[in-house]
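To start, the structure under review is shown below, and the notes come after it.
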Amino acid sequence: MFENHENDDLKEYIKERKDGKTATDAGYRIEERAKRRKGRLNGIVCFIAGMIVSFVLVYVGFVIALNNGGFTSGLAATNVSKLDYRKIEEKTSLLQSIIDKYFLFDEDMTKVEDGIYAGMMNGLDDPYTVYYTKEEYKALNEDTEGKYSGIGATVSQNPKSKIITIVNVFDNSPAKEGGLLAGDIIYKIDGEEVTGTDLDVLVKTKIRGVEGSSFTMTVIRGDDRKQIDLNLTRRSIEIQTVTSKMLNDGIGYVAVSQFDALTSEQFKSNIESLKSQGMKKLIVDLRGNPGGLLDQVVDMLDYILPEGLVLYTEDKNGNKEEYYAKNPDELKIPMAVLVNENSASASEVFTATFKDFKWGKVVGKTTFGKGIVQNVLPLGDGTAVKITTQHYYPPSGYDLHKVGIKPDVDVDLNDGAVIGSDSDNQLGKAVEILKSEE
C-alpha cells in the first residue's frame, strides 16, 4: 500500500494535533457537540448531526489546507449541500425508535456511533478510504521500523472483494513453520471471520501481537476451497524485505518483498554485495510486492537512475508535489524488472519510472493498478480517517490507476513454478533477455 504521505500543510496539522492543539487551532474547524445526550434517542440524533457538521467542516478545512487557502467558500457550499441533514436526522431518529422498540439485544452506543462514521466513509465508494476507531488508530500508530512480533508473511487485499491473500512467506518464520503458503486466503482469526476487514487493521490488531502469543488462522486453500486451521505463534521478526543472489553469467538477482523503513538501505547493501561478487547485470524482482513507503522508493530510484524527476503527485485541485533523483551517480548496467498482478502501489511507482527512463525491460504480467495516495487524518478524539487525496504519476504522466503497468515482455508463470527458483520461467525469461544484451 502507498499511504501516509503528507504535504507540508498536512504535516504541520498533524504535528499541531499531536502537540495538543484543538482542531480549530490546527486549522481544521471541527464543530463541538452542542449538548450531552438526553436518552438514547436524542443522543443518536445529536451525534449524527454533530458528525455531519464535523465532517463537513473537517472536509472543507482539509481541502483548504491542501490548496494553501485557495479553496473558495462557494465551492465548499456546493460540495456539502449534497447531504440533506434534516432527512438524515429524521431517518436516524426513526431507526433509533425501531431499535428501542424491537431490538432484542443490548445496544453498544460506541459501536453504533463508530458504525455511522464508518458508513459515511464507505458511502464515498472508495475501497481505500476508511474510518478508524480509537482502538484501530492506536494500533496503526505503531512505527514501521522493520521489527515486529508477528508471523513473517506478506499479504494483499483485493479492493473490491476485500479478500485477503498471502503473497509471500518468509524463510525461517512462524508462518513458514506453521504451514502457511503463498496463495492461501485468510478466512478467520481465532474463529472470527475477517473478510472485509481493512488490511492495515487486520495486520496490526489480529496478526501482530505480543511475542510468544499464539492464535489460530483459518485459511482457504486450493481450487477445492478447503478450509485449514493453522496454529501460529508470534515472535519478534526483523524483516528482510530484500534478498539477493548471484545467478550465472554475471547476473545479479534482487527480490524486494515490500517497502518499509529499512528497504532502501537493504537494497543498496545487497547490490553492493553483488557488485563485489562480479555482478555485471541486474534483475529486480517486485512480484507480489504490495507497496509501502514512498520515501524508500524515491531513495532506491535515486540510487539507480540519473538525476531528474522520478515521480509526482497531484490532488483534485491540480496541486503538484515533485520528487527528484539528486544523486549524480547511477547504476548503468543492463537491468530488468519482474512484476505480476500482485505488484501494487509503491512497486508500481518504481516500475513505471524505470520504464519512463528506458532503463531496461519489464517482464511478467500487468501490475495491480493502484495509482493513488492516501493520507491518515486524526480527528482529535483518538479516531481518524484514511482518505484518498492524490494521484501519483511517473515523469511521463501515465495514469496507472485501475489499469496497471503492462510489461514489455508478457510471460505467464507456469503451473507449479516457484518464484525465485530454477522452475521460475518468468525469471528465466528475464535472464534470457539480459544474456542477449551487451
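Derivation of every value follows stated rules applied to the coordinates shown; laboratory data play no part. Only a predicted model underlies this, so the values are computations on that prediction, with no experimental measurement involved. Glycine also receives a Cβ, built like all others from the backbone with ideal geometry; neighbour counts cover every protein chain displayed.
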Q: Evaluate 2.2 N^0.38 Å with N set to the residue count of region 87-133, then give the Cα radius of gyration divided by it.
A: 1.33
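Using only the C-alpha atoms of region 280-385, find the volume of their convex hull and express it per residue in Å³. All intermediate terms of the calculation are to be shown ahead of the outcome.
Working: hull volume 13.2 nm³, N = 106.
That works out to 125 Å³ per residue.
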Q: Return the Cα extents of region 147-238 along principal axes one, two and three, sorted largest first, each rounded to a whole Å.
A: 31, 24, 22
Q) What ranking of LEU377, LEU140 emerges when the number of other C-beta atoms within 10 Å of each C-beta is taken as an exposure proxy, fewest first? A) LEU140, LEU377
Q. Given 10 Å bins starting at zero, what is the percent of C-alpha pairs of region 315-438 in each, up to the one with the largest pair distance?
A. 12, 34, 30, 16, 7, 1, 0
Q. Between region 146-219 and region 90-131, what's the alpha-carbon centroid distance in Å?
A. 28
Q: Beyond 22 Å between alpha-carbons counts as too far, so tell me which of LYS226/LYS402; LYS138/LYS268; LYS332/LYS370; LYS358/LYS429; LYS138/LYS370 fall in that bin.
A: LYS226/LYS402; LYS138/LYS268; LYS332/LYS370; LYS138/LYS370
Q.
Could you list PHE259, PHE170, PHE215, PHE267 so that the one with the fewest beta carbons within 10 Å of its beta carbon is first and the one with the most is last?
A. PHE215, PHE170, PHE267, PHE259
Q: For an R0 of 41 angstrom, estimate the FRET efficiency from the Cβ-Cβ distance between TYR324 and THR243 and round to the nearest 0.05.
A: 0.90
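How charged is the neighbourhood of GLU314? Take every other residue with its Cβ under 11 Å from the Cβ of GLU314, and add Lys/Arg as +1 and Asp/Glu as -1. Numbers along the way, then the final one.
Details: positive: LYS316, LYS320; negative: ASP315, GLU321, GLU322, ASP399.
Result for the local shell: -2.
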**Q.** Whole-percent pair-distance distribution, where bins are 5 Å wide, for the alpha carbons of region 211-312
**A.** 2, 11, 15, 15, 15, 13, 10, 9, 7, 2, 0
(Q) Given an 8 Å cut-off on Cα distances and at least 6 residues of separation, report the relative contact order of region 147-238 as a percent. (A) 34
Q: Within region 216-270, report the trypsin sites (Lys or Arg not before Pro) that DSSP leaves as loop and that have at most 11 other Cβ atoms within 10 Å.
A: ARG225
